[in-house]
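*Asks:* Structure incoming, see below.
The values are calculated or read from the model by the stated rules, or taken from the named source; none is laboratory data. Predicted model, so just to flag it, every value in this text is computed and none were measured. Ideal geometry is used to build each Cβ from the backbone, glycine not excepted, and the neighbour counts take in all protein chains shown.
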Amino acid sequence: MKNSRIEWTDHTFNPWIGCTKVSPGCDHCYAERLMDHRMHKVSWNGARVRTSSSYWRQPLRWDKDAAASGTRPRVFCASLADIFDGHPSITSGWVGDLWHLIHSTPHLDWLLLTKRPQNIAHMLPESYGMPAWGYGWDNVWLGTSIENQGTANLRSVELRIIPARHRFISCEPLLGPVEIHLDGRLHWVIAGGESGPQARPLHPDWARSLRDQCVYSGTPFFFKQWGEWAPWDDDNWSLPAGADDVIAHDHAITLDGVEFLRVGKKRAGRCLDGLTWSQLPAEMRKSTP
């Protein structure tokens, strides 16, 4: 989709749709809720469904426009799937076609985000007759999603050992405190809370810790959202504008001494301690969110 509403990307592209839940961060999957329960496009745990040929041509147009404008749009692939999930319905032809598309669009920065970094090594483009991966392609960012310390310990290590020019971490939904070894092999950290009807709150100390780790290591930090729940304290430091009309006991919960108001993603906003964190790696700064 062009002009995505996801704050850290410009466009989204889904070569196919469908996935399987693997960890607590998947529990309230927005993609499953949308594609399976509401739109009935797929059976979420069943065969993946490839998107249309006309849809696959969209990135070629984005690349042409980017070349003409001198910008580098970011393309999140895939918001409704996990391209490294290894499901048997995903054929080698599909994966090869995706790598060919990425190689044919050098003016786009492709953000490939997965919860299965252990599968990346045997799904790199060399396995599909494409040009050598080597230390990675300039226009590919490999990322992994983590939600707690357990997934951080496993997935960030797996990501680090994959040869890549660019790597990133997405801590969304962030469900607990996380320490990440930011040793220079991880080039960007995104964090955010959960949205949707069953959303879990994001404790501000978890977000602050990630921010401070990034500041200390010099790693760009992007705080995407609080999500459904906005933290509240006596100083009203993060109360979103217009939220006063929802302050009621049935809209509030407490987590580790912090009260949260259920105000929705838009009202909760994305300010952390009064600041908006939208840092991008230097290689991305030609493109604006």
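*Asks:* Going through SER104, SER170 one at a time, which residue ends up being within 23 Å of ARG48 (Cβ to Cβ) and in contact with a strand residue (DSSP E or B) (Cβ under 6 Å, 6 or more places away or on another chain)?
*Replies:* The match here is SER170.
*Asks:* Are any of the residues in the stretch 116-129 modelled with pLDDT under 95 and either of a type in the set (Phe, Trp, Tyr) or not in a helix (DSSP H, G or I) (or both)?
*Replies:* yes
*Asks:* Restricting attention to the stretch 63-72, does a residue exist that is closer than 27 Å to GLU7 by Cβ, touching a residue at least 40 places away in the same chain (Cβ under 8 Å), touching a helix residue (DSSP H, G or I) at 6+ places or on another chain (Cβ under 8 Å) and basic (Lys, Arg)?
*Replies:* Yes.
*Asks:* Taking the stretch 170-184 on its own, how many of its residues are crowded, with 18+ Cβ neighbours inside 10 Å and within 17 Å of LEU202 (Cα to Cα)?
*Replies:* Residues in the stretch 170-184 being crowded, with 18+ Cβ neighbours inside 10 Å and within 17 Å of LEU202 (Cα to Cα): 7 in total.
*Asks:* Sticking with this structure for a sec: For the stretch 1-35, give me the residue count where each residue is part of a helix (DSSP H, G or I) and buried (at least 19 other Cβ atoms within 10 Å of the Cβ).
*Replies:* 4
*Asks:* Look at the stretch 52-94 and say how many of its residues are of a type in the set (A, V, I, L, M), assigned to a loop (DSSP other than H, G, I, E, B) and more than 15 Å from MET123 (Cβ to Cβ).
*Replies:* Looking only at that region, the number is 1.
*Asks:* In the stretch 221-245, which residues are modelled with pLDDT under 90 and either part of a loop (DSSP other than H, G, I, E, B) or within 18 Å of ARG200 (Cα to Cα) (or both)? Give the derivation first.
*Replies:* Filtering the stretch 221-245 for residues modelled with pLDDT under 90 gives 232-245.
TRP232, ASP233, ASP234, ASP235, ASN236, TRP237, SER238, LEU239, PRO240, ALA241, GLY242, listed by residue number.
*Asks:* Then there is this: May I ask you to list the residues in the stretch 144-165 that are closer than 14 Å to THR114 by Cα and either buried (at least 22 other Cβ atoms within 10 Å of the Cβ) or not aliphatic (A, V, I, L, M) (or both)? Reasoning before the result, please.
*Replies:* Residues of the stretch 144-165 closer than 14 Å to THR114 by Cα: 144-147, 151-152, 154-160, 162.
Selection gives THR144, SER145, ILE146, GLU147, THR151, ARG155, SER156, GLU158, LEU159, ARG160.
*Asks:* List pairs: first residue in the stretch 1-16 and over 20 Å from THR276 (Cβ atoms), second residue among the hydroxyl-bearing types (Ser, Thr, Tyr) and in a loop (DSSP other than H, G, I, E, B) anywhere in the structure, Cβ distance under 6 angstrom, at least six positions apart or on different chains.
*Replies:* Matching pairs, first to second residue: HIS11/SER4; THR12/SER4; THR12/SER79; ASN14/THR51.
*Asks:* Moving on. Name the residue that is surrounded by the most Cβ atoms within 10 Å (Cβ to Cβ), counting only residues in the stretch 93-135 that are farther than 26 Å from LYS2 by Cβ and among the polar types (S, T, N, Q).
*Replies:* Here the answer is GLN118.
*Asks:* Restricting to the stretch 194-213, count the residues that are farther than 11 Å from LEU272 by Cβ and either in contact (Cβ under 8 Å) with a residue 60 or more places away in the chain or in a loop (DSSP other than H, G, I, E, B) (or both).
*Replies:* Total satisfying the criteria: 9.
*Asks:* Examine the stretch 166-188 for a residue that is modelled with pLDDT of 95 or more, among the aliphatic types (A, V, I, L, M) and out of contact with any helix residue (DSSP H, G or I) (no Cβ under 9 Å at 6 or more places or on another chain), and state whether such a residue exists.
*Replies:* The answer is no; no qualifying residue exists.
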